[in-house]
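J.: Quick one: structure below, then a few questions.
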Amino acid sequence: MSAEERDQDLVRLDAAALLRLYDTGEVSTTDVVRAHLDRIHATDERIGAFVRTLDAPALAHAADVDRRRTAGEHVGVLAGVPLGLKDILCTKGVETTCASRMLEGFRPPYDATVVERLRDADAVVLGKTNMDEFAMGSSTENSAFHPTRNPWDLARVPGGSSGGSTAAVASHQAPLAIGTDTGGSVRQPAALCGVVGMKPTYGLVSRYGLIAFASSLDQVGPIARTVPDAALLFSAVAGHDGNDATSIPEDAPDVLPGLDGGVDGLRVGVITEFMTGEGLEPDVRARVSEGVERLAALGAEIVEVSLPHASYGVSAYYLIAPSEASSNLSRYDGVRYGLRVDGPTTEEMMAATRGEGFGPEVKRRIMIGTYALSAGYYDAYYLQAQKVRTLILADLAAAYERCDVLVSPTAPTTAFALGEKVDDPLAMYLNDIYTVPSNLAGTPALSLPAGLDSAGLPVGLQLMAPALHESTLFRVAAALERDLAFDVAPPGLDDAMEVTS
């Protein structure tokens with residue numbers, strides 16, 4: 001076998017397989033990390049998954065892991081596994097931009113807690129992945145640097161805002177990646193790219209060092225090609241953090257022992273409104289229905305449930321999230337850090353800085369949020385949206401009294417064409433129609449591939465569970481994944497991307 005063929009084999013392995021090879025000494029971390037970096041450099045001009053790679057630090061970390069493993073010293077639970085990190089988490093001394101000109105050149109003086117835990121686990125960070133600017137978008141077309149393309153079809157979007165992370169995993173640039181999910185920004189791109197993406201219970205993964213979009217909604221989540229890999233990554237980053245005032249003050253659920261538990265006797269609720277609503281593509285409905293049938297065949301009890309206020313979820317979300325963004329992004333004033341565009345007065349300097357530093361979608365959401373919070377409109381908009389949030393939380397609580405998990409499509413469509421929805425914000429926002437309820441309620445949810453549509457594009461199936469029931473969520477997802485046996489590799493991937501040696 002040639003070195004090139006060996007590298008191609010290495011980048012197709014999932015994290016669990018790589019860890020087994022490390023244990024037997026069949027491969028070195030350095031070889032694996034170099035193979036993935038070579039893969040990125042050969043393919044990313046076409047994909048655009050990364051905004052920057054960290055070749056020298058990654059190879060140095062890989063060499064250190066190899067040294068410690070050979071010497072019999074301690075290594076972490078993800079020792080030597082390559083990983084892509086969404087460019088919204090602070091990395092000490094490494095440029096962190098949120099894919100925005102506003103933060104171009106910003107090098108944080110500290111690591112986010114999630115980054116610290118990944119380093120403790122000895123995951124090797126390959127680079128920072130692309131995203132919609134400040135995590136505002138559903139297509140990763142809003143990046144200030146370049147759009148990201150879907151590895152299944154380079155003329156289509158990968159979803160967003162964590163599209164760089166999901167595209168990296170789908171295109172075998174990394175077996176694992178970290179994303180963030182405010183209204184579906186891990187699960188929706190995972191669905192469109194044919195990978196696994198999970199949003200934990202709010203407060204279960206630290207937000208310290210996560211550059212805020214909407215503080216009551218943001219949550220860091222794992223992205224992987226398999227459910228067990230996603231569970232392993234979740235376990236490495238979850239748990240209480242004293243630096244985060246919203247962190248849950250208890251240990252995270254241990255999700256790994258239950259992955260082989262199956263679904264026999266569990267109650268699975270099918271959300272009626274999400275399977276019959278306008279805009280749901282027939283192929284998406286068909287693949288999700290088939291997934292429900294497979295769960296029934298595996299021994300689950302299928303129950304129909306209703307979320308009567310779910311149809312108001314997108315409207316409530318697009319008032320609450322922009323309102324919080326309006327507050328959070330007010331810190332970018334051209335004075336303290338990031339971009340500064342000089343002007344004759346302080347006010348003109350701030351206006352010029354924000355005019356050049358923020359892209360159109362960020363400006364749109366800041367204006368929506370500022371309006372919703374303004375005097376005379378607060379009660380009519382923001383307060384009403386919070387009341388709807390309470391109703392949706394109550395709907396979900398009632399559903400979970402009857403069911404252990406809920407199932408629905410992750411997104412109403414498969415991947416759409418680049419540029420198709422950029423001039424239609426409402427159409428773009430409706431991509432989140434099935435994902436926002438879990439964010440509004442703070443409960444965990446996961447997307448896994450359920451098959452392909454008639455065009456050969458991945459369909460995502462969403463599982464939702466009550467707060468702190470991650471073990472059940474991963475258990476059901478693992479059982480369904482084993483049964484579906486979905487091949488996550490986009491066909492003809494290397495040919496389509498013109499990989500060079």
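The values are calculated or read from the model by the stated rules, or taken from the named source; none is laboratory data. All values derive from a computational prediction rather than experimental measurement. Positions of Cβ are generated from backbone atoms using ideal geometry, with glycine treated the same way; all protein chains shown enter the neighbour counts. Areas reflect the complete protein model, heavy atoms only, side chains present, ligands, DNA and RNA absent. Shrake-Rupley method; radii C 1.70, N 1.55, O 1.52, S 1.80 Å.
J.: If we scan the range 311-324, do we find a residue that is open to solvent by 60 Å² or more (accessible area, probe 1.4 Å), at pLDDT below 95 and either assigned to a loop (DSSP other than H, G, I, E, B) or basic (Lys, Arg) (or both)?
T.: no
J.: Also, quick follow-up: Let me confirm something: among 307, 295, which residue is in contact with a strand residue (DSSP E or B) (Cβ under 6 Å, 6 or more places away or on another chain), modelled with pLDDT of 95 or more and closer than 30 Å to residue 379 by Cβ?
T.: None of the others qualify; the one that does is 307.
J.: How about the range 155-240: which helices (runs of 4 or more DSSP H) wholly inside it have at least 2 residues that are surrounded by fewer than 24 Cβ atoms within 10 Å (Cβ to Cβ)?
T.: 227-237
J.: Note down all Cβ pairs under 8 Å where the first residue falls in the range 327-341 and is closer than 22 Å to residue 215 by Cβ and touching a residue at least 60 places away in the same chain (Cβ under 8 Å), the second is part of a loop (DSSP other than H, G, I, E, B) and open to solvent by 60 Å² or more (accessible area, probe 1.4 Å), and they're at least six residues apart or on different chains.
T.: 338/104
J.: If I go through the range 28-49 residue by residue, how many of them are under 18 Å from residue 178 (Cβ atoms) and open to solvent by 10 Å² or more (accessible area, probe 1.4 Å)?
T.: Result for the range 28-49: 1.
J.: Being out of contact with any strand residue (DSSP E or B) (no Cβ under 6 Å at 6 or more places or on another chain) and either open to solvent by less than 50 Å² (accessible area, probe 1.4 Å) or more than 30 Å from residue 19 (Cβ to Cβ) (or both) is true for just one of 260, 251, 283. Which residue is that? Explain how you work it out, then say what you get.
T.: Details: 260 fails: either open to solvent by less than 50 Å² (accessible area, probe 1.4 Å) or more than 30 Å from residue 19 (Cβ to Cβ) (or both); 251 fails: either open to solvent by less than 50 Å² (accessible area, probe 1.4 Å) or more than 30 Å from residue 19 (Cβ to Cβ) (or both).
The conditions single out 283.
J.: From the list 393, 418, 440, 430, which residue is more than 30 Å from residue 455 (Cβ to Cβ), out of contact with any Phe, Trp or Tyr (no Cβ under 9 Å at 6 or more places or on another chain), of a type in the set (A, V, I, L, M) and touching a residue at least 24 places away in the same chain (Cβ under 8 Å)? It would help to see each step written out before you state the result.
T.: Values: 418 fails: more than 30 Å from residue 455 (Cβ to Cβ); 440 fails: out of contact with any Phe, Trp or Tyr (no Cβ under 9 Å at 6 or more places or on another chain); 430 fails: more than 30 Å from residue 455 (Cβ to Cβ).
Checking each option against the conditions leaves just 393.
J.: Report, by residue number, each residue of the range 60-76 that is touching a helix residue (DSSP H, G or I) at 6+ places or on another chain (Cβ under 6 Å) and either surrounded by 16 or more Cβ atoms within 10 Å (Cβ to Cβ) or assigned to a strand (DSSP E or B) (or both).
T.: Selection gives 62, 65, 66, 75, 76.
J.: If you don't mind, there's one more thing I want to ask. Return the total of residues in the range 89-110 being open to solvent by less than 30 Å² (accessible area, probe 1.4 Å) and part of a loop (DSSP other than H, G, I, E, B).
T.: Adding up the residues that qualify gives 7.
J.: All but one of (1) without any contact (Cβ under 8 Å) to a residue 60 or more places away in the chain; (2) assigned to a helix (DSSP H, G or I) hold for residue 487; state the number of the condition that does not hold.
T.: The failed condition is (2).
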